[in-house]
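Here is the structure we will look at.
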Amino acid sequence: MALFDKCYEFKKMADHLRSLNQFFYLRQVDPAASPIVMRNGKKMIMLGSNNYLDLTSHPKVIEATKKAIDKYGTGSCGSRILTGTTEVHLKMEKKLAEFKHSEDSITFSAGFMALMATIAAIADTGDVILSDELNHASIIEGCRLSRAKTIVYKHNDMVDLEAKLASLKPETNKLIITDGVFSMKGTVVDLPGIKKLVDKYDAKIMVDDAHGTGVLGERGHGTLEHFNMEGQIDLVSGTFSKSLAAVGGFTCAKYAIIDFLRLTSRPFIFTASPPPSIAATVLASLEVIEAEPERVKKLKTNGDFLKKGLKEMGYVLEPTITPIIPILINNDEKCFKMAGYLEQEGVFINPIIPPAVPKDESIIRVSLTAGHTENDLSMALDKFKLVGKKLGVI
Ligand SMILES: Cc1ncc(COP(=O)(O)O)c(C=O)c1O
């Protein structure tokens, strides 16, 4: 096969889906992160965004971002380790560490990079990573990049995890890595269960709190707050691209670990630092979450309202306490059809098919924000009823 043949083969498959109106990727929506968006000149209710607290349009967040651009310009044009560290980067990292009850934090240009880089720097030859089978792709890539052996355990299954831990020599270094909230199913990790095993088998834990931050815990501090376990987890990573209204990612840990990452992590050292305005956005977002806990509450109320409405009309949902609502469809074609009909009716959702979920477990992934009104959600429910009946799903 010639070098580019795979691209032409792939294009054929994508074009086939396009011809069937079953290509739901790269859809243009403006503005992307808003409860209501425009697509093809039509208003749509956005039920696919991770802008959980609707902070991308918060006046204080916008003002802080604009001020940083006025002061620093648009980009830092240098690596953090050389010329790309400003006062606002350092303030953001200090605030993040406080927010996550940690000694220190390091930030990266993407959440994906934060996960991948942290794992690759910490886990080494001879070490063993135990990774949940539904962990995010950035964790999988981090495991590949590290020189450690990776053992995958069944999703959130403490019996399987214990069996795998027990099979290892006691002196082996073991790092358990898990999402706090799983991105497709909205499951919350059994963190107390993992902590018990960590203590019993002398392992360490890393939590990816991309979808927990701003969402779980009464104050939105994340999965650790939800379980009253703040300060008890070795490595806590996450992203700025969801509740923190920007782009980038972080890892929080003890000072020595963070300093090691700062001075050895290649994806930290050999890339330009995020623009100072991004750091200002994150800093302001963290301040708003602390000043306005009612947003976290509103997000939960909105999620409960939509879940109740969908269940009452006969949809089957994976159980979740988060604003990620997986509607079980279990049939790829029906999933695509549903996405198409909902789009025609002005509701944006994401159809999720394998490999993002296991075979025959395709879902409609609904995610909502604190910025949706009850009226938006009631309108969306009406459309779900219409489309569900048309397809025989309810
Ligand atoms: C669980 C999880 N971890 C990490 C990431 C990566 O974050 P980012 O979008 O900032 O690269 C995502 C984003 O999709 C995610 O869902």
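The values are calculated or read from the model by the stated rules, or taken from the named source; none is laboratory data. All figures in this text were calculated on a predicted structure; none of them were measured in a lab. FYI the Cβ positions are ideal-geometry reconstructions off the backbone, even for glycines, and counts take in every protein chain you see. The area values use the complete protein model at the heavy-atom level, side chains included, leaving out ligands, DNA and RNA. Shrake-Rupley method; radii C 1.70, N 1.55, O 1.52, S 1.80 Å.
For Ala123, the conditions (1) among the aliphatic types (A, V, I, L, M); (2) touching a Lys or Arg at 6+ places or on another chain (Cβ under 8 Å); (3) within 16 Å of the ligand (Cβ to nearest atom) all hold with the exception of (3). The sole residue among Thr223, Thr187 that is among the polar types (S, T, N, Q), within 15 Å of Ser243 (Cβ to Cβ) and in the same structural domain as Thr150 (by TED's automatic domain parsing) is Thr223. When the stretch 282-301 is filtered for residues that are open to solvent by 10 Å² or more (accessible area, probe 1.4 Å) and of a type in the set (S, T, N, Q), only Thr301 remains. Restricted to the stretch 225-244, and to residues there that are away from the ligand (no atom under 12 Å from the Cβ) and assigned to a loop (DSSP other than H, G, I, E, B), the residue that is nearest to Ile106 (Cα to Cα) is Asp234. Where strands (runs of 3 or more DSSP E) fall wholly inside the stretch 85-163, the ranges with 3 or more residues that are surrounded by 19 or more Cβ atoms within 10 Å (Cβ to Cβ) and assigned by TED's automatic domain parsing to the domain that holds Leu224 are 104-108, 128-132. Can you name the number of the only condition in (1) loosely packed, with under 13 Cβ neighbours inside 10 Å; (2) touching a residue at least 12 places away in the same chain (Cβ under 8 Å); (3) not hydroxyl-bearing (Ser, Thr, Tyr) that Asn50 fails? That leaves (1) as the condition not met.
For the stretch 177-218, a tally of residues being acidic (Asp, Glu), open to solvent by 20 Å² or more (accessible area, probe 1.4 Å) and not in a helix (DSSP H, G or I) returns 3.
For the stretch 19-73, enumerate the residues that are in a loop (DSSP other than H, G, I, E, B) and within 16 Å of the ligand (Cβ to nearest atom).
Those that are in a loop (DSSP other than H, G, I, E, B) and within 16 Å of the ligand (Cβ to nearest atom): Tyr25, Leu26, Ala32, Ala33, Ser49, Asn50, Asn51, Tyr52, Leu53.
Could you list, in sequence order, all residues of the stretch 245-272 that are part of a loop (DSSP other than H, G, I, E, B) and either farther than 25 Å from Asp54 by Cα or open to solvent by 30 Å² or more (accessible area, probe 1.4 Å) (or both)? Within the stretch 245-272, Val247, Lys254, Ser265, Phe270, Thr271 qualify. Whether a residue is out of contact with any helix residue (DSSP H, G or I) (no Cβ under 9 Å at 6 or more places or on another chain), open to solvent by less than 40 Å² (accessible area, probe 1.4 Å) and closer than 26 Å to Ala380 by Cβ was assessed, and Val37 passes this test.
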